[in-house]
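A quick write-up on the structure given underneath.
The values are calculated or read from the model by the stated rules, or taken from the named source; none is laboratory data. If you're wondering where the values come from, they're calculated on a predicted model, not measured in any experiment. Glycine also receives a Cβ, built like all others from the backbone with ideal geometry; neighbour counts cover every protein chain displayed.
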Amino acid sequence: MRIAILTGAGISAESGLGTFRDKDGLWTRYDLEEVATPEGFARNPALVHEFYNQRRADCIAAAPNAAHNALALLQNSTHDLALITQNVDDLHERAGSKGVIHMHGALRRALCAACDHRWDAPVAMDPSDECPSCSASATRPDVVWFGEIPYQMEAIQEAVARADLFVAIGTSAEVYPAAGLVETAQGDTLEINLAPSARANAFNARRFGPATEVVPAWVDEIIK
Ligand code: BJW
C-alpha cells in the first residue's frame, strides 16, 4: 500500500516540544507576526534568532517518542511511505525515518537571504553571522515563514495524490497549504489528533488521543 503521512507539532508534543496553537502553545507567548514572518525578521533579526536558538536548543535536548518510532517502523515495513512534516525538529530522522520532506524547513539548517546558500546551522545563530559562501550578514534559520512558499510542494502534491491512504497526525489544520492536502488525496484519508482539527470532517476516518498511544496502535494494525 502507498501511504502518505503529514505530521504536525502534535506528534512532538509528548517529546516536550511545544505546539503553536494549543492553550499554552508558542503563539500564546510570542507574536507570530514578529517571529514567523519575513517582515518581523527584517524589523528585529536578534529577536527572531533568539526565538529559534531557544527552539533549536530545546530540540537538541528532546528525544523521539513512540509515535516517531512507530512511523520509522512503518517505513521499514513492506509499505511505500512518504513522510511529510510541517515540523522543523529532526525527531523523525532521529527515530530512523529516511527521506523526510520538511515542508516548513529545518532548525538544523541555516539559509543566506542574500545568495540562498544553505549549510548546517550552529546551535546559536546571530545577526552578525556571515554566510560561508558570499560573506553577507544576512543569515537566517532555514524555515518557512508566513507569506513564503513551503518547500518541495510538487513532490508533496504528487506523493499525496498517488497514495492509497493519506494520514494527518498532530496538526490543527489551521495553516495552508498543508491543511488543504486532504483535498489532494485520492484514496482513503485518516486524521489522528488529540482532538478534532479544523478539517476533521474532510477525512474519511478519525482517531483521537495522544499520538504516543494512537500512532503505534494504528501502525501495529497496518503492518500486522
Ligand atoms: C496532539 C498532541 C498529542 C497536541 N498527540 N495531537 C487565508 C486563507 C488561506 C490561507 C491563507 C490565508 N491567509 C494567509 C494564508 C496563507 C498562510 C496561512 O495558512 N495562514 C493561516 C494562518 C490562515 N500560509 C502561508 O503563508 C504559507 N505559505 C503559502 O501559503 O504560500 C503560498 C503558496 C503555497 C503553495 C503553493 C504556492 C503558493 C506558509 C506557512 C508557513 C507556516 N510556518 C510555521 C512556522 C515554521 C517555522 C517554525 O516552526 O517556527 O509553521 S507557522 C506554524 O504553524 C508552523 C507549523 O508547521 C504550522 C502548523 O502548525 P501545526 O503543526 O498544525 O501545530 P498547531 O499547534 O497548530 O496544532 C497542533 C495540533 O496537535 C493540535 O490540533 C493539537 O490538538 C494536536 N496535539 N498534543 C496528538 N500529544
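When you look at LEU6, is it among the hydrophobic types (A, V, I, L, M, F, W, C) and either within 7 Å of the ligand (Cβ to nearest atom) or closer than 28 Å to GLU183 by Cα (or both), yes or no?
Values: among the hydrophobic types (A, V, I, L, M, F, W, C): yes; either within 7 Å of the ligand (Cβ to nearest atom) or closer than 28 Å to GLU183 by Cα (or both): yes.
So LEU6 passes the test.
When you go through GLU183, GLU154, GLU174 one by one, which is the residue that is farther than 23 Å from LEU81 by Cα, assigned by TED's automatic domain parsing to the domain that holds ASN76, of a type outside the set (Gly, Ala, Ser) and within 13 Å of the ligand (Cβ to nearest atom)? First the steps, then the outcome.
Working: GLU183 fails: farther than 23 Å from LEU81 by Cα; GLU154 fails: farther than 23 Å from LEU81 by Cα.
None of the other options fit; the residue is GLU174.
Being surrounded by fewer than 22 Cβ atoms within 10 Å (Cβ to Cβ) and more than 16 Å from the ligand (Cβ to nearest atom) is the filter here; which residues of the range 94-113 pass it?
Within the range 94-113, ARG94, GLY96, LYS98, GLY99 meet the criteria.
Could you check the range 76-120 for strands (runs of 3 or more DSSP E) lying wholly inside it with 1 or more residues that are under 24 Å from GLU130 (Cα atoms)?
105-112, 118-120
Do you know which residues across the range 19-70 are of a type in the set (A, V, I, L, M), in a loop (DSSP other than H, G, I, E, B) and crowded, with 19+ Cβ neighbours inside 10 Å?
Quick first cut of the range 19-70, residues of a type in the set (A, V, I, L, M) only: 26, 32, 35-36, 42, 46-48, 57, 60-63, 66-67, 70.
Of the ones still in play, those that are also in a loop (DSSP other than H, G, I, E, B) are 36, 62-63.
ALA36 - this is the single residue of the range 19-70 that is of a type in the set (A, V, I, L, M), in a loop (DSSP other than H, G, I, E, B) and crowded, with 19+ Cβ neighbours inside 10 Å.
Out of the range 1-25, which residues are in contact (Cβ under 8 Å) with a residue 60 or more places away in the chain and small (Gly, Ala, Ser)?
Within the range 1-25, ALA4, GLY8, ALA9, GLY10, SER12, ALA13, SER15 meet the criteria.
Considering only the range 9-24, state which residues are more than 9 Å from the ligand (Cβ to nearest atom) and closer than 17 Å to ALA66 by Cα. I'd like the intermediate steps shown before the answer.
As a first pass, look at the range 9-24 and keep what is more than 9 Å from the ligand (Cβ to nearest atom): 15-17, 23-24.
Across the range 9-24, the qualifying residues are SER15, GLY16, LEU17.
From THR85, THR19, THR78, which residue is of a type in the set (Val, Ile, Thr) and more than 22 Å from ALA168 (Cβ to Cβ)? Explain how you work it out, then say what you get.
Numbers: THR85 fails: more than 22 Å from ALA168 (Cβ to Cβ); THR19 fails: more than 22 Å from ALA168 (Cβ to Cβ).
Going through THR85, THR19, THR78 in turn, the sole match is THR78.
Any residue in the range 26-53 that is not assigned by TED's automatic domain parsing to the domain that holds ALA138 sitting within a Cβ distance under 6 Å of a residue that is of a type in the set (Val, Ile, Thr) and part of a helix (DSSP H, G or I)? List the pairs, counting only those 6 or more apart or interchain.
Close Cβ pairs (under 6 Å, with a partner that is of a type in the set (Val, Ile, Thr) and part of a helix (DSSP H, G or I)) do not exist here.
Restricting to the range 150-184, what's the tally of residues that are in contact with an Asp or Glu (Cβ under 9 Å, 6 or more places away or on another chain) and without any contact (Cβ under 8 Å) to a residue 24 or more places away in the chain?
1
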